[in-house]
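Taking it in order: structure first as structure tokens, then the write-up.
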Protein chains: 2
Amino acid sequence: MEIIRTPSMMKETSKRLLMKGRTIGFVPTMGALHEGHLYLSKCARSENDVVVASIFVNPTQFGPTEDFQQYPREFESDRQKLETASVDILFAPDVPAIYPEGFATSVEVKGLSEKLCGALRPGHFSGVATIVCKFFNMVMPTRAYFGQKDFQQALIIQKMIGDLNLNVESILCATVREGDGLAMSSRNRYLLPAEREAATVLYKTLQSASRMIETGLEPRVIMERMQAMLMAEPLITEVQYAGVYDPETLNARIATGKRNLLAVAVKIGNTRLIDNIVVGL
Amino acid sequence: MEIIRTPSMMKETSKRLLMKGRTIGFVPTMGALHEGHLYLSKCARSENDVVVASIFVNPTQFGPTEDFQQYPREFESDRQKLETASVDILFAPDVPAIYPEGFATSVEVKGLSEKLCGALRPGHFSGVATIVCKFFNMVMPTRAYFGQKDFQQALIIQKMIGDLNLNVESILCATVREGDGLAMSSRNRYLLPAEREAATVLYKTLQSASRMIETGLEPRVIMERMQAMLMAEPLITEVQYAGVYDPETLNARIATGKRNLLAVAVKIGNTRLIDNIVVGL
């Protein structure tokens with residue numbers, strides 16, 4: 001596996017590959033890799049000639065009170081995991097290479113960016129859209145792979161790709177879960193043992209809500225029950241949202257005969273966790 | 001000259017050219033072509049294998065009280081001019097192809113976009129940055145050509161290219177002027193004969209200010225004299241700005257031993273005109 005540290009070297013490498021007619025599959029990450037990331041790499045591996053993964057903890061998508069400083073960085077173990085996953089190129093630039101002094105440009109996807117997580121993390125999705133746009137321009141991927149756990153992120157990126165006419169196909173890959181249903185996340189390692197146990201309530205709530213939709217309960221009632229089920233877990237300190245949403249607009253909605261997004265965001269202690277499933281049709 | 005009307009056809013055409021190793025020179029325009037545009041085409045012709053010009057009157061860069069509706073549209077005469085200028089491809093999409101229903105994404109270059117014209121036309125440069133980013137992704141040019149008359153626009157686009165890691169080189173081409181010094185502009189045709197005569201005061205003011213810099217006058221004094229010179233022309237109804245600026249930051253500044261941007265923006269009747277020159281070193 002080749003390791004590339006600079007935008008210019010990444011661009012040169014990708015241009016050379018594209019001129020030879022190679023397809024490039026891209027897996028952007030913030031490191032602290034888990035099975036979810038490796039599944040994205042596997043999907044990329046099966047559909048492209050060359051697989052590029054990136055590791056970059058993007059400061060602009062963290063709020064001032066969020067966990068940018070403490071976010072886990074473990075380059076050597078990440079490198080080994082990507083090597084084992086047959087990734088060809090690891091692109092791991094440093095912050096000054098990506099945000100040189102005087103950096104002033106941002107990409108914003110209005111509407112979708114203000115819903116759900118966006119309402120709680122102002123500026124987060126602008127930070128995400130901007131960095132993903134930059135990485136697309138450096139890596140020039142044929143296809144880019146995103147996990148469903150970050151459903152809203154994937155939706156916003158897909159919208160940006162269409163609106164800005166970017167030359168990449170975004171591919172949504174299934175959420176990978178622990179044996180007890182907890183969605184893989186780099187932030188799971190923040191959880192104390194009792195919190196880790198309590199965290200299983202997120203997926204249980206989603207599954208329970210899925211059954212409620214089948215029985216024809218009203219979304220308002222489903223939302224209340226999801227909320228109650230989460231609040232019944234003593235270690236959950238805050239339910240940020242829980243409900244049934246349109247998977248295209250992220251608006252809360254009546255759930256009849258269509259695909260529905262069931263999504264939750266909570267805090268357990270100081271750790272923020274999200275999860276979702278899409279049901280129907 | 002080939003005429004392309006859809007983003008998908010433009011992309012396919014450019015991809016095919018790039019895979020053959022061709023360089024693409026791009027001249028984005030809003031039509032109503034004049035000698036300034038044709039000079040950009042000439043520069044593009046001399047440096048690239050293939051020249052693409054676009055015509056698209058971009059609604060998002062016009063303010064609600066500006067001249068979007070009345071902006072001159074004269075496709076057939078523009079087409080002939082580009083044909084004569086040996087342009088290979090004319091890309092002329094319609095508005096719904098560029099801004100389909102639900103379009104929600106914008107590109108913003110902070111700082112530079114709020115100076116000079118940006119202070120008077122809120123949202124204008126975000127509209128410009130967004131459409132140029134989109135066209136870059138559709139045309140995939142090796143080089144893109146912009147006129148110095150729109151100095152601030154060119155500076156913002158160059159900043160966007162760097163910040164978003166876009167794969168294009170932007171090239172600034174000299175302002176083309178009428179015999180009496182008036183900078184070529186599609187909006188010159190709005191001027192009544194007396195206004196057209198009065199409009200020569202813009203370039204005269206810039207030249208005069210250039211001489212004042214050489215004599216070592218203070219920028220504050222130069223600015224006041226520029227202002228006075230413009231206001232002395234009875235048909236000028238408003239001086240929006242006139243002064244000496246840093247050509248990199250667009251901040252007003254002391255002008256000693258460096259490149260200086262002299263720039264003016266006025267209204268003559270209802271017509272807004274801008275001009276600038278860069279002097280020193």
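The values are calculated or read from the model by the stated rules, or taken from the named source; none is laboratory data. Source: prediction; values computed, not measured. A quick note on method: Cβ atoms are made from the backbone with ideal geometry, for glycine too, and the neighbour counts reach across all protein chains shown.
Quick one: in the range A:30-52, of everything that is more than 15 Å from A:F91 (Cβ to Cβ), assigned to a loop (DSSP other than H, G, I, E, B) and under 20 Å from the mean Cα position of the chain (by Cα), which residue is farthest from the other protein chains (Cβ to nearest Cβ)?
The selected residue is A:H34.
I'd like the full set of residues that are outside any helix (DSSP H, G or I) and buried (at least 19 other Cβ atoms within 10 Å of the Cβ), limited to the range A:1-29.
Matches in the range A:1-29: A:I4, A:I24, A:G25, A:F26, A:V27, A:P28, A:T29.
For the range B:46-65, give me the residue count where each residue is surrounded by fewer than 17 Cβ atoms within 10 Å (Cβ to Cβ) and farther than 26 Å from B:C117 by Cβ.
Of the residues in that region, 3 qualify.
Could you please let me know if A:F68 is touching a helix residue (DSSP H, G or I) at 6+ places or on another chain (Cβ under 8 Å), surrounded by fewer than 19 Cβ atoms within 10 Å (Cβ to Cβ) and aromatic (F, W, Y)? Give the steps one after another, and end with the answer.
Working: touching a helix residue (DSSP H, G or I) at 6+ places or on another chain (Cβ under 8 Å): yes; surrounded by fewer than 19 Cβ atoms within 10 Å (Cβ to Cβ): yes; aromatic (F, W, Y): yes.
Yes: the conditions hold for A:F68.
Report yes if some residue within the range B:3-25 is hydrophobic (A, V, I, L, M, F, W, C), under 22 Å from B:C173 (Cα atoms) and modelled with pLDDT of 95 or more; otherwise report no. Steps first, answer last, please.
Going residue by residue through the range B:3-25, those that are hydrophobic (A, V, I, L, M, F, W, C) are B:3-4, B:9-10, B:17-19, B:24.
From what is left, the residues that are under 22 Å from B:C173 (Cα atoms) are B:24.
From what is left, the residues that are modelled with pLDDT of 95 or more are B:24.
Yes, there is a match, as at least one residue in the range B:3-25 is hydrophobic (A, V, I, L, M, F, W, C), under 22 Å from B:C173 (Cα atoms) and modelled with pLDDT of 95 or more.
Given the criteria more than 25 Å from A:C133 (Cβ to Cβ) and in contact with a helix residue (DSSP H, G or I) (Cβ under 6 Å, 6 or more places away or on another chain), does B:G36 qualify?
On the way: more than 25 Å from A:C133 (Cβ to Cβ): yes; in contact with a helix residue (DSSP H, G or I) (Cβ under 6 Å, 6 or more places away or on another chain): no.
In short, no.
Regarding B:M212, is this residue touching a helix residue (DSSP H, G or I) at 6+ places or on another chain (Cβ under 9 Å), not assigned by TED's automatic domain parsing to the domain that holds B:Y71 and not charged (D, E, K, R)?
On the way: touching a helix residue (DSSP H, G or I) at 6+ places or on another chain (Cβ under 9 Å): yes; not assigned by TED's automatic domain parsing to the domain that holds B:Y71: yes; not charged (D, E, K, R): yes.
So B:M212 fits the description; yes.
Is it the case that some residue within the range A:172-183 is surrounded by 19 or more Cβ atoms within 10 Å (Cβ to Cβ) and closer than 30 Å to B:E12 by Cβ?
yes
Could you list all residues from the range A:250-276 that are in contact with a helix residue (DSSP H, G or I) (Cβ under 8 Å, 6 or more places away or on another chain) and not in a strand (DSSP E or B)? If you could, list the steps in order and put the result at the bottom.
Taking the range A:250-276 as the starting set, the residues that turn out to be in contact with a helix residue (DSSP H, G or I) (Cβ under 8 Å, 6 or more places away or on another chain) are A:250, A:252-255, A:260-266, A:268-276.
Across the range A:250-276, the qualifying residues are A:L250, A:R253, A:I254, A:A255, A:G269, A:N270.
Of all residues in the range A:160-194, how many are among the charged types (D, E, K, R) and within 14 Å of chain B (Cβ to nearest Cβ)? Please lay out each step first, then the result.
So in the range A:160-194, the residues among the charged types (D, E, K, R) come out as A:163, A:169, A:177-178, A:180, A:187, A:189.
The next check asks that each one be within 14 Å of chain B (Cβ to nearest Cβ); those that pass are A:163, A:169.
Number of matching residues: 2.
Against the condition among the small types (G, A, S), free of Cβ contacts under 8 Å to residues at least 60 places away in the same chain, within 14 Å of another protein chain (Cβ to nearest Cβ) and closer than 30 Å to A:L155 by Cβ, how does B:A104 come out, does it pass?
Spelling it out, B:A104 is indeed among the small types (G, A, S), free of Cβ contacts under 8 Å to residues at least 60 places away in the same chain, within 14 Å of another protein chain (Cβ to nearest Cβ) and closer than 30 Å to A:L155 by Cβ.
Could you say whether any residue in the range B:225-246 is within 14 Å of chain A (Cβ to nearest Cβ) and closer than 30 Å to A:T105 by Cβ? First the steps, then the outcome.
Within the range B:225-246, the first condition is being within 14 Å of chain A (Cβ to nearest Cβ), and the residues that meet it are B:246.
Then keep just the ones that are closer than 30 Å to A:T105 by Cβ; that gives B:246.
Yes, because at least one residue in the range B:225-246 is within 14 Å of chain A (Cβ to nearest Cβ) and closer than 30 Å to A:T105 by Cβ.
Looking at the range B:113-133, which of its residues are within 11 Å of chain A (Cβ to nearest Cβ), surrounded by fewer than 24 Cβ atoms within 10 Å (Cβ to Cβ) and over 15 Å from B:L164 (Cα atoms)?
Selection gives B:E114 alone.
Which of the residues spanning the range B:53-101 are within 14 Å of chain A (Cβ to nearest Cβ), more than 19 Å from the chain's Cα centre (by Cα) and small (G, A, S)?
Passing the criteria: only B:A97.
Report whether or not B:T249 is of a type in the set (S, T, Y) and more than 27 Å from A:F103 (Cα to Cα).
Numbers: of a type in the set (S, T, Y): yes; more than 27 Å from A:F103 (Cα to Cα): no.
Considered against the rule, which asks whether it is of a type in the set (S, T, Y) and more than 27 Å from A:F103 (Cα to Cα), B:T249 comes out as no.
I'd like to check something: does the range B:77-87 contain any residue that is buried (at least 21 other Cβ atoms within 10 Å of the Cβ) and part of a loop (DSSP other than H, G, I, E, B)?
yes
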